Amino acid sequence: MAEPQPTTGLDGRPRPKRALVFSGGGARGAYEAGVIRYLLGELPKQLGHPVSFDILCGTSVGAVHACFLAATAELDGTRGDRLVEFWQQMRIEEILPLSASDLLGLPRKLLGIRRTAEAFREGKAPERLYGLLNTEPLEQLVVRTIPWRGIRNNIRSGLVESICVAATQVSSGRVAVFVENRDRKLPNWTRDPMVVPRPTRMLPAHALASAAIPLLFPAVRIGRTYYADGGLRLNTPLAPAIRMGADRVLVVALRQDIGKAHQIASDTSHIEDYASPMFLFGKMLNALLLDHLDTDLARMEVMNEILDDGTAAFGPRFIGRLNEVAVRKRSQQFRKIENLVIRPSKDLGLLAGEVLSAMPSDSSRSPLLRLAMHNLEGRQHSPEADLLSYLLFDGEFLGPLAELGYRDARSRESEFAAFFSDEPFESGA
C-alpha cells in the first residue's frame with residue numbers, strides 16, 4: 001500500500017509538488033496507458049522507490065486516466081499492467097456496436113431533434129444529448145473499471161492532493177475545470193473568463209462529459225448543464241495543474257510537436273485521400289481538438305527565464321520581494337515550473353492506417369472498420385487514419401499503441417530519474 005508523500009526531502013527542503021497531466025484523444029489514450037505502465041511498473045525498479053503524483057489532471061480520455069490513478073493510488077505498481085490489459089482486451093464490436101443499418105441511420109440519429117425537443121417540453125432533460133454513436137457500452141466500462149469511491153478516500157488520506165478534469169460547457173463554450181481536493185477550497189484561478197473552476201466530488205459523469213467527442217459522442221448532463229469534450233478548448237490541462245500548486249509537471253501528449261506533425265502531414269498526404277469523407281472528418285477533428293500545449297509551455301519557459309534573469313540581476317532576494325507585491329495585489333506567487341513532456345515518436349494517425357491495412361477483411365468485423373477498409377481498396381499507400389485513431393477501440397490497434405507509449409517512456413529514463421529526484425533539473429519536451 002502506498003504511503004502519503006512527505007512535504008520535505010531528505011535534506012529538509014520543501015519537496016517539489018509534482019503533477020501528471022494527460023491529453024485527450026479517444027482511442028489514442030492507449031498510448032497514455034503504455035506510459036503509465038512504465039511509470040508505475042518499470043521505473044520504480046530503476047529508482048529504488050515507487051513514484052507518485054500530488055496532482056492529477058486530464059481531458060477526455062486523459063480525464064478517465066486521471067480518475068483511474070486517483071482512485072487506485074493506494075494500490076501497487078501492477079495497476080499499470082492491468083490498465084494496459086484493459087485496453088488490449090477491447091473489441092470495437094463490443095465497445096461501439098454498429099450494424100450496417102446503424103451506419104445508414106447515422107444522419108437521422110444526429111438530427112433526432114423532434115424526440116429530444118419533446119422530452120424538454122415535458123420537463124425531462126435527458127442525461128445525454130445527441131451524438132452519432134451509441135457510447136453506452138464504453139460508458140459502462142468506465143463506470144465499472146474505476147473504483148470511484150477511492151478518489152475521495154485517497155484524497156482524504158493524503159495519497160493524492162487534488163484531481164482536475166476539464167470539460168466544455170455546451171451553452172457558453174467555456175471550459176469547466178472540475179476539481180476535487182480535501183478542503184474544496186481553490187487558489188486564485190486564471191484570469192481567463194473562458195476557463196472556470198468548479199469544486200466537486202468527482203463522479204463518472206465528469207469523466208464521461210470530458211470525453212464526449214463532439215458529434216460522435218453525446219454531450220453529458222451534469223446538474224442542469226450539458227458538457228462535451230474538454231479538448232475543444234483545453235486538450236492538455238497544464239494551467240489547472242499549475243494553479244493547484246505544481247512545481248513540476250509531467251505531460252503525456254497524444255500528438256507530436258507541431259513542426260514534426262506538419263512535416264509528416266505534408267510528406268504523407270496524397271490528393272486522392274481527400275475523396276474520402278473519413279479522411280476529411282479526421283482532419284476536421286484534429287482541428288477541433290487542436291492542442292495549445294506548445295504555446296502554454298513556451299509561456300511557462302519565458303516566465304522561468306524572467307525569474308532566472310531577475311535573480312541574476314538583483315540577487316537571491318529578487319523572487320521573494322517580487323512575491324511580496326504579487327501576494328498583496330493578487331494573492332499569488334511567482335515560481336519556476338519545471339516540466340517534462342512525453343510525445344509519441346510516431347504519428348498515431350499513420351499507425352492506425354498501418355494497422356488497418358494489415359487487418360484481414362472479415363465480414364464479422366465492425367461496419368465502421370469495413371467502411372474504412374473499403375477506402376483502402378486500390379491504394380498504393382497506408383493513409384493517415386486520423387478519424388479511426390480516435391475511434392478504433394480495438395486491441396489490434398490499442399496493443400501496439402500502448403507498446404509505443406511504453407517504449408517512448410522507457411527511452412526517457414534518465415529524465416524521469418531527474419524528475420523524481422528533489423534536485424532541480426533541465427526541463428525538456
Tell me the carbon and sulfur percent of the accessible area for the range 203-252, rounded to whole percent, probe radius 1.4 Å. 58 percent
Burial ranking of peptide ranges 210-218, 139-147 (average Cβ count within 10 Å, highest at the top): 210-218, 139-147
Ranked highest first by average number of other Cβ atoms within 10 Å, how do 330-336, 63-69 line up? 63-69, 330-336
With label points built 7 Å along Cα→Cβ from the Cα atoms of ARG330 and SER364, find their separation and express it in nm. 6.0 nm
Once both labels are modelled 7 Å past Cα along the beta-carbon direction, what's the SER357-ARG191 spacing in nm? 5.0 nm
Going by average Cβ density within 10 Å per residue, which order do the peptides 398-406, 43-51, 227-235, 154-162 take, highest to lowest? 227-235, 398-406, 154-162, 43-51
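The values are calculated or read from the model by the stated rules, or taken from the named source; none is laboratory data. Keep in mind the model is a prediction, meaning the values are calculated, not measured. In this analysis, Cβ positions are derived from the backbone assuming ideal geometry, glycine residues included, and neighbour counts consider all displayed protein chains. Calculation scope for accessible area: heavy atoms of the full protein, side chains included, ligands and nucleic acids excluded. Shrake-Rupley method; radii C 1.70, N 1.55, O 1.52, S 1.80 Å.
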